[in-house]
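Since the structure comes first, as structure tokens, the remarks are kept for the end.
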Amino acid sequence: MANHKSALKRIRSNESKRVLNKYQHKSTRTAMAKLEKLEDKKEAAKLLPTVLGMVDKLAKRNIIHKNKASNLKSKLTRGVNAL
């Protein structure tokens, strides 16, 4: 167990940040799955910018690597264009 006041605060803040990161990552994955299931190109094209923005935000906050974000965006865009 940590002894310093600052270390105890760091533990608390890390836990709250972990929960928030987990929530954002999971909601993005859910949105991606929803986008991949869509059959209508119009709906998919409408949802695509929102999902890409979510992926960019994850990369900006270092929740995922920037190259992974780029790969995901490419995959999603190709999927929508293939409809």
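No lab work stands behind these numbers, since they all come straight from the coordinates. Since we're looking at a predicted model, the values are computed, not measured. Note that we place each Cβ from the backbone using ideal geometry, even for glycine, and neighbour counts take in every protein chain shown.
Data table
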quantity	calculated
Helical mean residue ellipticity (222 nm; -39500 (n - 2.57) per DSSP H run of 4+; nearest 500) of the chain	-29500 deg cm²/dmol
Furthest towards positive pole of dipole, L38, L72, M1, structure part the chain, Cβ charges	M1
Dipole magnitude of the range 28-83, debye to nearest 20 (Cβ charges: Lys/Arg +1, Asp/Glu -1, about Cα centre)	260
Helix axis angle, 41-60 relative to the chain longest principal axis, alpha carbon, degrees	20
Per residue Cα convex hull volume in Å³ - calculated over the range 28-83	56
HN-Hα J in Hz across the range 27-32 - Karplus 6.51, -1.76, 1.60, θ = phi - 60°, x for Gly and Pro	5, 5, 4, 5, 5, 5
Degrees, to the nearest 10: 66-82 long Cα axis against longest axis of the chain	20
Under 21 Å from the Cα of K60 - lysines, other chains or at least 8 residues apart	K17, K22, K26, K68, K73, K75
